[in-house]
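A short worksheet on the structure shown next.
A short reminder: the numbers here are calculations on the coordinates, not readings from a lab. Computed from a predicted model, the values in this text were never measured in an experiment. Because the Cβ atoms are built from the backbone with ideal geometry, glycine has one as well, and the counts that use them run over all protein chains shown.
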Amino acid sequence: MNKIFLLTSLLLFLNMAGQEHFSGISTSQRVGIINAGINPAELGNLETSYDIHIFSTSIKASSNKVGFSDLFDDSTNLKNRLFAGEEAANLSFDGEIYGPSIAFAYEKWGFAFTTKANAKLDVVDVDDDLGNALTRSVINSFFVGSTTVSNNYNQRLSGTSWGEIGLSAARNLYDEGDHKLNVGATFKLLFPGSYANFGADKFNGTINNSLGRVTLTNTVANLNIAYSGNLGNDFTEFGDYAKSLYGKLNGVAADLGANYQLKDSDGSHYRLNLGIAIRNMGGMTFKSANNSATNYVLNIQGTDTLELNQFQNTKSMTEAERLLLNSGFLNKNTNDKKDFKVKLPTLFSGYADVKIVTSFYVTLFTQQRLKKNEDNDQITSQNVISLTPRYTLKNYEIYVPFSHNELSGIAGGLGLRVYGFYIGSGSIITALLSDGKQADAYMGYSFKFD
């Protein structure tokens, strides 16, 4: 399981990765598929009859401890940084790929058909002492002693891949004088690909290290082990995510949004663009031949010990589950579930794009999750707030997003649009200048016509 950290650094390097997806361009005045992904009501602001989206991709990584330079270091140093200090370790990697999509306007309506693939890999609130014990016993082979771990929260390792087909519609409700009001909705068909989750809730125990032999004693914890598809066999290999971005249709979700514009006196541009939306209301059910979702109680008492060294080369949920069951310390709390449901990360989004002077705007954006990341059946998300100054012409745009992510802190980036092609990052400035704890990049292309 410790290969998770090496995977993240390799993916960032190979994809020149690229926290908020499509930071800056998602609130551009050139409304299209990416804007509708933030708020479907924006489809009521299409400038032309048709918008053909060819492709776009966004990749991001963030951590509360690992800096940008550490992501390009070897896996040992990466783990050293991730499990250093006293704060629980968090690390997130995820990507979005929009495939061929189309948006079009008809009278007071805007419509869209979208295709999208998602992949996520997360380390959530893992205790530093426990993380070190599972990944670094050889390094600590000269250490003799014991450490007590006592947590009242859920620690998770989680990976998910799924596809989406979106059907969107927006309606202009009012457009008179300086004021314009739209509402919109997106209905999503979900195609679960693969899933893996290891959760350790209310972990209390003692870690003993005797010259590199690491054991666990006097331990009680509630464990959740769930997997489906390729990620049950190995959830650290990028190829397993790529092979299973789209499974069979087995879930639905919805986005709802509203948009208001205060227009210029000539009606050609706006002075203020406001939007709110609730996204990803729904979930999906995973089904595959190797499906399993079981809650256990780990109970090690008296003189009994669990050897932790045996988990150092473990890279699959099935193998970890087998080793724990063979130890005799794992007892089922619930029966296996062959089919299980996972909830999408429901988000509230809000933004205000304000005209300062001609062609110069400033956008304030926030994204807030509405569900807890610690739940074992919950796909994770992060709270973000950003401020983006932008210089906008009809066919050109340059913008500098600054954001605060609850996990990685402050980040600053840069983006550019030329006609329908755009490229950018929400963190490239801080990543290079101050070794920030976030790395991301995106690019895409679309074209419009009447």
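For the chain, what does the helix formula give at 222 nm: sum of -39500 (n - 2.57) over DSSP H segments with n ≥ 4, over the residue count, nearest 500 deg cm²/dmol? Before the final figure, lay out each step's value.
Numbers: 7 runs with 57 residues, N = 450.
The helix contribution divided over the chain gives -3500 deg cm²/dmol.
For TYR153, nonlocal amide neighbours, meaning residues 5 or more places apart or on other chains whose placed amide H falls under 5 Å from its own, are LYS202, PHE203. Couplings 3J(HN,Hα) for the range 296-305, derived from phi with the Karplus relation 6.51 cos²θ - 1.76 cosθ + 1.60 (θ = phi - 60°), are 10, 10, 8, 9, 10, 10, x, 8, 5, 9 Hz, where x marks Gly and Pro.
What percentage of all Cα-Cα pairs in the chain are separated by more than 41 Å? If you can, show how the numbers build up before the last one.
Numbers: 21416 of 101025 pairs.
When every Cα pair of the chain is considered, 21 percent fall beyond 41 Å.
Evaluating 6.51 cos²θ - 1.76 cosθ + 1.60 at θ = phi - 60° for every residue in the range 440-446, the Karplus couplings come out as 7, 7, 8, 7, x, 8, 8 Hz, glycine and proline recorded as x. Scalar couplings 3J(HN,Hα) for the range 416-422, obtained by applying the Karplus form with A = 6.51, B = -1.76, C = 1.60 to θ = phi - 60°, are 9, 10, 10, 6, x, 9, 9 Hz; x denotes Gly and Pro.
Using the 10 angstrom Cβ neighbour count as an exposure proxy, how do ASP94, ASP201 rank, fewest first?
Going from sparsest to densest Cβ surroundings: ASP201, ASP94.
Test of the criteria: in the range 352-437, which trypsin sites (Lys or Arg not before Pro) are in a DSSP loop and have at most 15 other Cβ atoms within 10 angstrom of their Cβ? If you can, show how the numbers build up before the last one.
Values: sites: LYS355, ARG369, LYS371, LYS372, ARG390, LYS394, ARG417, LYS437; in loops: LYS371, LYS372, LYS394, LYS437.
Those satisfying the criteria are LYS372, LYS394.
Stretching the chain fully between LEU325 and THR206 yields a gain of 40.9 nm (0.36 nm per residue, less the alpha carbon separation). Between amide H atoms placed 1.01 Å from N, distances below 5 Å from ASN290 occur with GLY229, all of them 5 or more places distant or on a separate chain.
By the count of neighbouring beta-carbon atoms within 10 Å, fewest first, MET317, MET443 end up ordered MET443, MET317.
For the residue pairs LYS116/LYS448; LYS188/LYS437; LYS287/LYS343, the C-alpha atoms sit more than 25 angstrom apart in LYS188/LYS437. Taking amide H as placed 1.01 Å from N in the peptide plane, GLY212 has its amide H under 5 Å from the amide H of PHE143, each at least 5 places away in sequence or on another chain.
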